[in-house]
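J.: One structure coming up, written as structure tokens, with questions to follow.
Quick note: the coordinates plus some simple rules give every number you see, no bench work behind them. Keep in mind it's a predicted model, so treat the numbers as computed, not measured. In this analysis, Cβ positions are derived from the backbone assuming ideal geometry, glycine residues included, and neighbour counts consider all displayed protein chains.
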Amino acid sequence: MKRYRHEKDILQVLLEVSRKVSSSLDIDQVTRAILQQAKSFLATDYSTLFILDDRSRQLIPIGALGFKSNQLENLTILLGWEKINAELVKTGRAMVVNETRSDFPLGAFIAVPLIKKNKVIGSLIVCNSKKAGTRFTDADKHLLYTLSNQVAVALLNAQLYKNLKDQYVRTVASLAAAIDARDPYTHGHSERVSAYAVAISTALSCTVRFIENIKLAGLLHDVGKIGIRDNVLSKDGALNDDELKKIREHPVIGTRIVHEVISTPLIIRGIREHHERFDGKGYPHGLKGKKISLEGKIIAIADTYDSLTTDRPYRRGVSAKEAVMEIVHCAGTQFDPVIVHAFERSVSRMPDVWRFV
Ligand SMILES: [Fe+2]
């Protein structure tokens, strides 16, 4: 790895980081971009970003490069970074340490505070193994310090955005719970469907973003039932044609409600298409095969699995094993066989999620 040589290089790195972090509000992406630049530019073995946890008032690691993934949670304890962070919080000044400290086994390191409004809100620490024998200079420290100033703003924005999103997810979840609560037999239905949809998506190796969205789509899939009268929704006996027609409008009503606040196509499609069938005999649009979105197909299985395994006024729920058999039986008619396979994989890998006890 080549270390920087000129001012021009430094400017280049700062511009690159600035471009990456300002184009994303995703906290993981921002963190990764920062760590990668710090690590590659200073040719270090390890880099770690810490952020101040509001509750504990401790600096906790939110991302690291160069470590084994399972080491992240134990980073502060294993490597004695708590002490270094405490020094940073106290002095607010960057540190360069080239001699080996007894409380820090990794070797030479630079630690810089992330400062916002005169307060330390995090830290960026890069270090080299003893083997590498590299010494850090004051120029390295200044570079990292400049980097950290940019980082602090981007990180705070990302954190604010995350808080906003979390708040939104909580609102959505309570809205869904309120809908389920109208009918004692569907209590907790939306949350379970959401968890099942996430499990199937995981078995399909979907992206983190897809999984985030399908979680919301699962929570909201029946939100349209808000527009259906109680006497139809919780009717004990069989539904007449008019009532059935009304119930079947809920995916479209739901789409309309959600569209006011969410523009994510995946969530909209998940809600609208969760009662479509692979053979085209579903509703509201009778879409067939490839015309149905992946999200619609996933939620359809999650929804059916929960309906089968929970008690209804007119029948008792079946066991988890029977529900799996029923869904597998419907591969190619009601459900897409590819998604049914993923569902089976998920059941065998994560039986607890599917309530196999
Ligand atoms: Fe539904």
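J.: Report the charge-dipole magnitude of the stretch 197-255 in Debye, nearest 20, computed about the Cα centre from +1 at each Lys and Arg Cβ and -1 at each Asp and Glu Cβ.
T.: Using only the charged Cβ atoms, the result is roughly 200 debye.
J.: Of L65, G332, H221, which is farthest towards the positive pole of the chain's charge dipole, taken about the Cα centre with +1 and -1 on the beta-carbons of Lys, Arg and Asp, Glu respectively?
T.: Checking the options against the dipole of the chain, the answer is L65.
J.: Taking R0 as 56 Å, what's the FRET efficiency between S307 and K83 from their Cβ-Cβ distance, rounded to 0.05?
T.: Taking R0 as 56 Å, the efficiency between S307 and K83 is 0.55.
J.: How high is the FRET efficiency between D54 and H187 when r is their beta carbon distance and R₀ equals 30 Å, given to the nearest 0.05?
T.: Once the sixth-power term is evaluated, E becomes 0.35.
J.: For each of S263, S293, S307, count neighbouring Cβ atoms within 10 Å of the residue's Cβ, then give the residues from fewest to most.
T.: With the fewest neighbours first, S263, S293, S307 line up as S263, S307, S293.
J.: Given the pairs K117/K141; K116/K215; K215/K290; K245/K288, which span a C-alpha to C-alpha distance of over 32 angstrom in this model?
T.: Going by Cα-Cα distance, K116/K215 fall outside the 32 Å limit.
J.: Determine by what factor the alpha-carbon radius of gyration of the stretch 260-357 differs from 2.2 N^0.38 Å, reporting the quotient.
T.: 1.11
J.: Separate question: At q = 0.06, 0.08, 0.11, 0.13 Å⁻¹, what base-10 log of I(q)/I(0) does the Debye formula yield for the chain when every alpha carbon is treated as an equal point scatterer in vacuo?
T.: Values returned for q = 0.06, 0.08, 0.11, 0.13 Å⁻¹ are -0.34, -0.55, -0.83, -0.96.
J.: Could you give the semi-axes, largest first, of the ellipsoid that matches the stretch 131-283, computed as the square roots of 5 times the alpha carbon gyration tensor eigenvalues and rounded to whole Å?
T.: Semi-axes, largest first: 46, 17, 13 Å.
J.: Pulled fully out, how much extra length does the chain show between R355 and K291, if you take 0.36 nm times their separation in residues and subtract their Cα-Cα distance?
T.: 19.9 nm
J.: Let me ask another. Can you divide the C-alpha Rg of the stretch 220-312 by 2.2 N^0.38 Å and report the result to two decimal places?
T.: 1.08
J.: If you don't mind, there's one more thing I want to ask. Given +1 on the Cβ of Lys and Arg, -1 on the Cβ of Asp and Glu, and no further charges, what dipole in debye does the stretch 260-301 carry about its Cα centre, rounded to the nearest 20?
T.: Dipole size: approximately 220 debye.
J.: Considering only DSSP beta bridges whose two residues both sit in the chain, what percent are antiparallel, to the nearest 5?
T.: 95 percent
J.: Follow-up question, since we're still on this one. If one puts a single equal scatterer on every Cα of the stretch 99-205 and applies the Debye formula without solvent, what log₁₀ I(q)/I(0) results at q = 0.11 Å⁻¹?
T.: -0.66
J.: Okay, moving on. Report the charge-dipole magnitude of the chain in Debye, nearest 20, computed about the Cα centre from +1 at each Lys and Arg Cβ and -1 at each Asp and Glu Cβ.
T.: For the chain, the charge dipole is close to 960 debye.
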